[in-house]
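The values are calculated or read from the model by the stated rules, or taken from the named source; none is laboratory data. Just so you know, these numbers come straight off a predicted model, no measurement behind them. Cβ sites come from the backbone with ideal geometry, for glycine too, and all protein chains shown count toward neighbours.
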Amino acid sequence: MSEPFKHLLKLSDLSGEQILSILNLADQLKYERAHGIDHPVLAGKTLGMIFQKSSTRTRVSFEVGMSQLGGSALFLSSRDLQIGRGEPIQDTARVLSRYLDGIMIRTFAQQEVEDLAKYGSIPIINGLTDYAHPCQVLADLMTIRERKGSFKGLTLCFVGDGNNMANSLIVGCIKVGMAVRIACPADYQPDPALMKWAAENGDFQCSPDIPAMAQNADVIYTDVWASMGQEGEAEKRKAAFTGYQVNDALMSVTNKGCMVLHCLPAHRGEEITNEVMEAHADEIFEEAENRLHAQKAVLVKVMKG
């Protein structure tokens, strides 16, 4: 049995057993929802959702998830909070802790998430930072296990920017026993400390050699070349990532039955072709749905007790 945990700030804070416990509960909640079984285990609980970065999937999945669990969610735009006018994060954390039962925050700096947990007294969930995207990777792992049956012997190859998605995929996949390959330009590698950890704790490689990294992959993963907040670098990034595209030629070097995943939104014709996107649409949109189930599992884990 895994140890309980209070927050989801980044996957490196959790053990492999804790990650698997979230996935197991997510599978159960998804099954029960499909069979009309609801458990209002968070009845009377309120989740505050702070958005300093806009979102489609994060907002809808957390709001619906809280509703299905019997609780309620408040959308809190940074424009509507004093945090957007310079109130220190430690003051916001202390105030909101007296009103809410949990906070999900989608923001830029990882330190803001860490400080909310440090100064607040309620569970904090990282809905995305520039450093990490743990909720997305939990959904990704859930989808991989659904399709492949287990993680044993699997290799995931991420193609593109070594961003928050790459950082969290490295940690999540290594902790459940998968091999990880990152294909990215030398100037856009993932966090150096995470790569060092991965090399010491699992089967990990990072290289600009795209076909070499994708060779014999069981899962190909990609993301947009310019994430939110990087719009001013779009042209520079487009030049840097030329060739870092998931297309039929790349898929030809992967293992038979290789999955394709994308955290969305997708820029078809850039990081992924329309043909590959459509050929793997069932997997990609199941992955998107699984955000709901994985996050419900996290909500139950951190807020129920």
Problem set entry | Hey, residue 23 among the aliphatic types (A, V, I, L, M) and either surrounded by fewer than 20 Cβ atoms within 10 Å (Cβ to Cβ) or closer than 19 Å to residue 135 by Cα (or both) or not | yes
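Residue-by-condition table, conditions (1) more than 26 Å from residue 178 (Cβ to Cβ); (2) not charged (D, E, K, R):
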site	(1), (2)
3	no, no
15	no, yes
20	no, yes
24	no, yes
32	yes, no
35	yes, yes
43	yes, yes
70	yes, yes
Problem set entry | Whichever residue in region 36-76 is of a type in the set (Val, Ile, Thr) and farther than 10 Å from residue 299 by Cβ and, among such residues, is surrounded by the most Cβ atoms within 10 Å (Cβ to Cβ) | 50
For this session: Determine whether region 127-134 contains at least one residue that is in contact (Cβ under 8 Å) with a residue 60 or more places away in the chain, part of a helix (DSSP H, G or I) and under 30 Å from residue 195 (Cα atoms).
Result: yes
Problem set entry | Within region 152-229, strands (runs of 3 or more DSSP E) holding 3 or more residues that are modelled with pLDDT of 95 or more, surrounded by fewer than 22 Cβ atoms within 10 Å (Cβ to Cβ) and in the same structural domain as residue 142 (by TED's automatic domain parsing) | 204-207
Exercise. Pick from region 241-288 the residues that are part of a helix (DSSP H, G or I) and either in contact with a Lys or Arg (Cβ under 7 Å, 6 or more places away or on another chain) or at pLDDT below 95 (or both): which of them is surrounded by the fewest Cβ atoms within 10 Å (Cβ to Cβ)?
Worked result: 274
